[in-house]
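Read-outs: derived from the displayed coordinates by stated rules, not from any lab. Here the structure is a predicted model, which means the values were calculated and not measured. Here the Cβ is made from the backbone with ideal geometry for all residues, glycine too, and neighbour counts use every protein chain on show.
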Amino acid sequence: MSLEQRLLDDLKAAMKSRNELETSVLRMLKSQLMLKKTEKEGVKELSDEVVSEVFAAYGKKIAESVDQFRAGKRQDLVERTEAELAVIRRYLPEPASEEQVRAVIAEVAASVGAAGPQDMGKVMGPAMARLKGRADGGLVSRLVREHLAGK
């Protein structure tokens, strides 16, 4: 079953069970997919990879909202937004741990022959490709910098 079909099935179930939060979040994810389809013109079904990218982008926006609500001391909104984020995360791949990210960076750095900080671009591209959807770019960038500075 495709990720998009799973979303639609879960949306139907949430609507039947009258789960307002889940229904709201799944409808928003569905609308994000519809937007992506209109951008791609004529595409009837998106690949699971594209669907996952759309969900990850939307999840990142929601996570940023949580930070802003926390800074604004709006605990009521923090709790609701974190609950929304929990629903979104069910559709995302398992995030890579920091150790896993470090291992990928070490492998990539060795394979491209990175010699120091000047080779950051050589490592970042392939590392992000291997960690796509599983690690935040900021974390990968920081760990690549640390790895290359230690060489």
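Some observations on this one:
- Highest-fluctuation residue, Leu29, Leu11, Leu77 considered, GNM on the chain with Cα pairs under 10 Å: Leu77
- Distance violations [Cα-Cα > 31 Å] among Lys37/Lys122; Lys12/Lys40; Lys16/Lys61; Lys40/Lys60; Lys12/Lys60; Lys37/Lys132: Lys37/Lys122
- Take every pair of alpha-carbon atoms less than 8 Å apart whose residues are at least six positions apart; their mean separation over the length of the stretch 1-132 yields a relative contact order of 20 percent.
- Each Cα pair under 8 Å and six or more residues apart adds its separation to the average, and for the stretch 84-149 the resulting relative contact order is 41 percent.
- Farthest towards the positive end of the charge dipole of the stretch 44-151, among the residues Phe69, Gly133, Phe55, is the Cα of Phe69, using unit charges on the Cβ of Lys, Arg, Asp and Glu.
- Identified option (computed Cα Rg over 2.2 N^0.38 Å; candidates (i) 0.99; (ii) 1.25; (iii) 1.05): (ii)
- Net dipole in debye of the chain [+1 Lys, Arg Cβ; -1 Asp, Glu Cβ; about Cα centre; nearest 20]: 200
- Translational diffusion coefficient (Stokes-Einstein; Kirkwood radius from C-alpha pairs) of the stretch 42-127 at 10 °C, 1.306 mPa s, in µm²/s: 100
- Placing +1 on the Cβ of every Lys and Arg and -1 on the Cβ of every Asp and Glu, with no other charges, gives the stretch 105-151 a dipole of roughly 80 debye about its Cα centre.
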